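Beneath this line is the structure, given in structure tokens, with notes to follow.
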Amino acid sequence: MAKVWSKRFDNALDPFIEKFNASIGFDRKLILEDLDCSIAHAKMLEKTQVLSSSEALQIINGLELIKVEYLEGKFSPSPPSEDIHYCIEEKLISLIGETGKKLHTGRSRNDQVGTDIRLWLRKEIDNIEILITDLQKSFLNLAKSNIYTLIPGYTHMQRAQPLSLAHHLLAYIEMLQRDRERFKEVRSRVNISPLGAAALAGTKIKIDRHFTAAELGFKKIYKNSIDAVSDRDFCIEFVSASALLMSHLSKISEEIILWVTDEFSFAKLTDKCATGSSLMPQKKNPDVPELIRGKTGRVYGHLQALLTMVKGVPLSYNKDFQEDKEPIFDTAETISSCIKAMTILINEGIEFNIENLSDSVENDFSNATDLADYLVGKDVPFRTAYQVVGQMVKYCLERKMLFKNLKIEEFKKFHPEFDEDVFVDLKPFNVVKSRNSEGGTGFVQVEKEVNNWQKKLLL
């Protein structure tokens, strides 16, 4: 079929250039959104009396029929149509004749595609928000059963202080909550209608932009027609929020990968979320978290691509913007699959080795800060207490001992304020229990936060 613009040209487009120029291979993903956009546009043209009621009804029925045929697999957008927008228009004309040619009155593919992308992305963000919430619930359920399970806390990948495992898991929920909030903020800027801006300057045709915006569920319209067709900030914001989400999923993945190593042995993977080796029969590989960690770079790449796409592009619409779709399509698919995979992993793919976790906090110096705090409780200045405990650590290391192996007489050599009750304070369970500052790892605080999150997530 001839191109919509072919009458302007004397010669046909070079076949390779035609293929290079086309977007039908990927923008057909927007077919349902384009149909909804066109139906709203047709209703508006009837309202403003640009179309007669019979013409509008004919067009709308035709578009609804295309939707049915697509959903039933009877209509598959494909070349030689150059994009999904003209593909639908061609199909409509073939169904209803000349009246179909009136659909495009008062609009351009520039505002049309901008509208379609926003409709599609709005739906994707809503779905992603649900997926993130499900993942939060998975972490919360795991936390609820591990409030009194202890795990070493790390800074600089060095043992730091013992923690409630639930407290550690709740940190992921907080990260994911920020992700949810970011996507909600992005959605608010996605939810603005460019329809009616036409190519870049608006139109002399009598239209009602607020009507189409309301029909399509947009909160408001773009106030500047140039900005309406050239704005791709929302695409970048979406991928940026996705990149941050992936950084959190990658962080979680890295910890799980470490936890299931023989060197840590804090947890093990179940058969539901692990694979084996083609050569080494003893292996159980953490493929799921490794893939999530790897796919993070994929999303980062899309963000860089979009930022580069908009850099230095003059107003208003440019063909560069055709490159906005594949990055956001792939980003949405990637993060959705990664969230789902992580949710399954947390629900049924990981089991903590409680015995090894307990042993790990019993046999290190992660209670050193609490030893200093013990002296502070005896009115010893913290810096003095810190120096004393540093000397004690050195003393123990030289003798391959731990604090718990020292006799009270040895304690008193370092400071006279030490007494028998120090052995109670040094127990890892009591160390964790004592950290009851708001937001801390103390069991009372952790239980409080678990209850708070249960209310927030409606569990």
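The values are calculated or read from the model by the stated rules, or taken from the named source; none is laboratory data. Note that the structure is predicted; figures quoted are calculated from it, not measured. We place every Cβ from the backbone using ideal geometry, glycine too, and count neighbours over all the protein chains shown.
Key figures
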read-out: Some residue of the stretch 378-385 being in contact with a strand residue (DSSP E or B) (Cβ under 9 Å, 6 or more places away or on another chain) and farther than 30 Å from I130 by Cβ; value: no
read-out: Residue within the stretch 68-90 that is of a type in the set (K, R) and surrounded by 17 or more Cβ atoms within 10 Å (Cβ to Cβ) present; value: no
read-out: Whichever residue in the stretch 394-428 is touching a Ser or Thr at 6+ places or on another chain (Cβ under 9 Å) and not charged (D, E, K, R) and, among such residues, is farthest from A166 (Cα to Cα); value: H415
read-out: Residue ID - modelled with the lowest pLDDT, chosen from residues in the stretch 1-55 that are part of a loop (DSSP other than H, G, I, E, B) and among the β-branched types (V, I, T); value: V4
read-out: Single residue of D111, D34, D116, D27 found to be surrounded by 21 or more Cβ atoms within 10 Å (Cβ to Cβ), over 30 Å from N347 (Cβ atoms) and in contact with a Pro (Cβ under 6 Å, 6 or more places away or on another chain); value: D111
read-out: Test for I257: is it touching a Pro at 6+ places or on another chain (Cβ under 8 Å), surrounded by 15 or more Cβ atoms within 10 Å (Cβ to Cβ) and without any contact (Cβ under 8 Å) to a residue 40 or more places away in the chain; value: yes
read-out: Breaking point among (1) buried (at least 18 other Cβ atoms within 10 Å of the Cβ); (2) assigned to a helix (DSSP H, G or I), for S366; value: (2)
read-out: Extreme residue, surrounded by the fewest Cβ atoms within 10 Å (Cβ to Cβ), among residues of the stretch 265-302 that are outside any helix (DSSP H, G or I) and basic (K, R); value: K283
read-out: Of all residues in the stretch 196-224 being among the hydroxyl-bearing types (S, T, Y) and in contact (Cβ under 8 Å) with a residue 60 or more places away in the chain, the one that is surrounded by the fewest Cβ atoms within 10 Å (Cβ to Cβ); value: T203
read-out: Residue ID - nearest to E355 (Cα to Cα), chosen from residues in the stretch 392-426 that are touching a residue at least 40 places away in the same chain (Cβ under 8 Å) and part of a loop (DSSP other than H, G, I, E, B); value: L426
read-out: Failed condition for S230, given (1) farther than 23 Å from F329 by Cα; (2) touching a residue at least 40 places away in the same chain (Cβ under 8 Å); value: (1)
read-out: Failed item in (1) crowded, with 17+ Cβ neighbours inside 10 Å; (2) assigned by TED's automatic domain parsing to the domain that holds E263; (3) over 17 Å from I236 (Cα atoms); (4) not β-branched (V, I, T), with P327 passing the rest; value: (3)
read-out: Residue ID - farthest from I93 (Cα to Cα), chosen from residues in the stretch 46-63 that are small (G, A, S) and in contact with a helix residue (DSSP H, G or I) (Cβ under 7 Å, 6 or more places away or on another chain); value: S53
read-out: Answer residue from the stretch 176-197, given it is more than 13 Å from K223 (Cα to Cα) and aliphatic (A, V, I, L, M) and is nearest to the chain's Cα centre (by Cα) among those; value: L176
read-out: Boolean, K123 is within 27 Å of the chain's Cα centre (by Cα), under 22 Å from E449 (Cβ atoms) and either in the same structural domain as H248 (by TED's automatic domain parsing) or of a type in the set (S, T, N, Q) (or both); value: no
read-out: Selected residue [of a type in the set (V, I, T), within 30 Å of N146 (Cα to Cα) and not assigned by TED's automatic domain parsing to the domain that holds L169] from V376, V432; value: V432
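For (1) under 30 Å from K19 (Cα atoms); (2) of a type outside the set (S, T, N, Q); (3) modelled with pLDDT of 95 or more, each residue gets a yes or a no:
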residue: K325; (1), (2), (3): yes, yes, yes
residue: I328; (1), (2), (3): yes, yes, yes
residue: T331; (1), (2), (3): yes, no, yes
residue: C338; (1), (2), (3): no, yes, yes
residue: T343; (1), (2), (3): no, no, yes
residue: D370; (1), (2), (3): no, yes, no
residue: V380; (1), (2), (3): no, yes, yes
residue: V389; (1), (2), (3): no, yes, yes
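For (1) of a type in the set (F, W, Y); (2) outside any strand (DSSP E or B); (3) under 25 Å from L426 (Cβ atoms), each residue gets a yes or a no:
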{"residue": "G153", "(1), (2), (3)": "no, no, yes"}
{"residue": "H167", "(1), (2), (3)": "no, yes, yes"}
{"residue": "I173", "(1), (2), (3)": "no, yes, no"}
{"residue": "Q177", "(1), (2), (3)": "no, yes, no"}
{"residue": "R180", "(1), (2), (3)": "no, yes, no"}
{"residue": "E185", "(1), (2), (3)": "no, yes, no"}
{"residue": "G196", "(1), (2), (3)": "no, yes, no"}
{"residue": "A201", "(1), (2), (3)": "no, yes, no"}
{"residue": "K206", "(1), (2), (3)": "no, yes, no"}
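Conditions (1) among the hydroxyl-bearing types (S, T, Y); (2) outside the structural domain of Y154 (by TED's automatic domain parsing); (3) farther than 30 Å from Y154 by Cα; (4) out of contact with any Cys (no Cβ under 9 Å at 6 or more places or on another chain), marked per residue:
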| site | (1), (2), (3), (4) |
| --- | --- |
| Y222 | yes, yes, yes, yes |
| K251 | no, no, no, yes |
| E254 | no, no, no, yes |
| Q282 | no, no, no, yes |
| N285 | no, no, no, yes |
| I292 | no, no, no, no |
| R298 | no, no, no, yes |
